[in-house]
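All remarks here apply to the structure that follows.
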Amino acid sequence: MAYVPTPDIIIEHDGPVAIITLNQPEQRNAFSDAMHDGMQEIWTHLAKDRSVRAIVITGAGKAFSAGGNIPGFIRSYEDPIHRAESMRGAQRLLDAMLECPIPMVSAVNGPAVGLGCSVATSCDVVLIAESTFMADTHVPIGLVAGDGGAVQWPVLMGMLQAKYYLLTGDRIPAQKCVELGLATFAVPDDQLMTEALRIANRLAAQPMQAIQETKRALNLHIQQAVRLVSPFANAAEEASFSTDDIRKTIEGFKK
């Protein structure tokens, strides 16, 4: 039986390519608890499937992913146990993506924000629609940028650029994402999935041991940063939920 993690995530197959679609378009594919849990587990299942030689991940509707969803955000504020588990889950998700040996292509069809941006940039080839943007908006709402940006962005781009975009939360247009190193190519919107599948099939045709172990070697650079930075960054983000700034953000969400 095919693995189905949750209705919030669709898995389809195009020959040797598994296509993962984040499937909450009404919520701009913000991460529900079910989606979060499914995305932590899916990589191990796909890695065990010898017929899968490459992966494409995209979002249903007009967004790639808006990141964390508001109900989960409020629950993390109100429930310290859920908050701690959510932070551990974010770490498990990042670790699982970096450990998965199968080459991955993200097709960023719409805004990729916060955790959504971290998922997109954890792939090996990042294609972004020309009309859209990425952003990490943790800081403007009162959170430490712990679950991705502060860890990965300095590896992918220059430190001063990473500081600017993480400290301000500014949107980064598609072409600027390419210039900075958050994306590989900007692609016309109507060609995005065609190009993602073309590249994924090309990766799938490469010798398996050579491409997978090369990916593992390259990801060691990022995993070293994860081991160094994540314990502090995640603890600091968890502590953010006790501040007055986050209380004001929560009050705004509840209005």
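The values are calculated or read from the model by the stated rules, or taken from the named source; none is laboratory data. As the structure is a computational prediction, the values presented were derived from the model and not from experiment. Neighbour counts are summed over all protein chains in view; Cβ atoms, including those assigned to glycine, are modelled from backbone coordinates with ideal geometry.
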Verdict on GLU238 being under 23 Å from ASP136 (Cβ atoms) and in contact with a Lys or Arg (Cβ under 9 Å, 6 or more places away or on another chain):
yes
Give region 211-241 a look and list any residue that's of a type in the set (Val, Ile, Thr), over 20 Å from LEU115 (Cβ atoms) and either within 20 Å of the chain's Cα centre (by Cα) or buried (at least 18 other Cβ atoms within 10 Å of the Cβ) (or both), or say none.
ILE211
Residue that is surrounded by the most Cβ atoms within 10 Å (Cβ to Cβ), among those in region 127-138 that are at pLDDT 95 or above and more than 8 Å from VAL113 (Cα to Cα)
ILE128
Can you pull out every residue in region 1-52 that is farther than 21 Å from GLY116 by Cβ, surrounded by fewer than 21 Cβ atoms within 10 Å (Cβ to Cβ), at pLDDT 95 or above and among the hydrophobic types (A, V, I, L, M, F, W, C)?
VAL52
Residue among ALA145, ALA162, ALA120, ALA174 that is buried (at least 23 other Cβ atoms within 10 Å of the Cβ) and over 17 Å from GLN40 (Cβ atoms):
ALA145
Filtered residues of region 145-197 (kept if among the charged types (D, E, K, R), touching a residue at least 24 places away in the same chain (Cβ under 8 Å) and part of a helix (DSSP H, G or I))
ASP189, GLU195
Does PRO140 qualify as being more than 24 Å from MET97 (Cα to Cα) and of a type outside the set (Gly, Ala, Ser)?
yes
Hey, any hits in region 199-210 for a residue that's under 20 Å from the mean Cα position of the chain (by Cα) and either surrounded by fewer than 17 Cβ atoms within 10 Å (Cβ to Cβ) or among the aromatic types (Phe, Trp, Tyr) (or both)?
no
All but one of (1) over 21 Å from ILE55 (Cα atoms); (2) part of a loop (DSSP other than H, G, I, E, B) hold for ILE250, so report the exception by its number.
(2)
Residue tally, condition assigned to a helix (DSSP H, G or I), basic (Lys, Arg) and either touching a His at 6+ places or on another chain (Cβ under 9 Å) or touching a residue at least 12 places away in the same chain (Cβ under 8 Å) (or both), over region 37-87
2
Among the residues of region 183-201, are any closer than 17 Å to SER118 by Cβ and among the hydrophobic types (A, V, I, L, M, F, W, C)?
yes
Take the residues of region 12-26 that are in a strand (DSSP E or B), more than 17 Å from the chain's Cα centre (by Cα) and not hydrophobic (A, V, I, L, M, F, W, C): which is farthest from HIS36 (Cα to Cα)?
ASP14
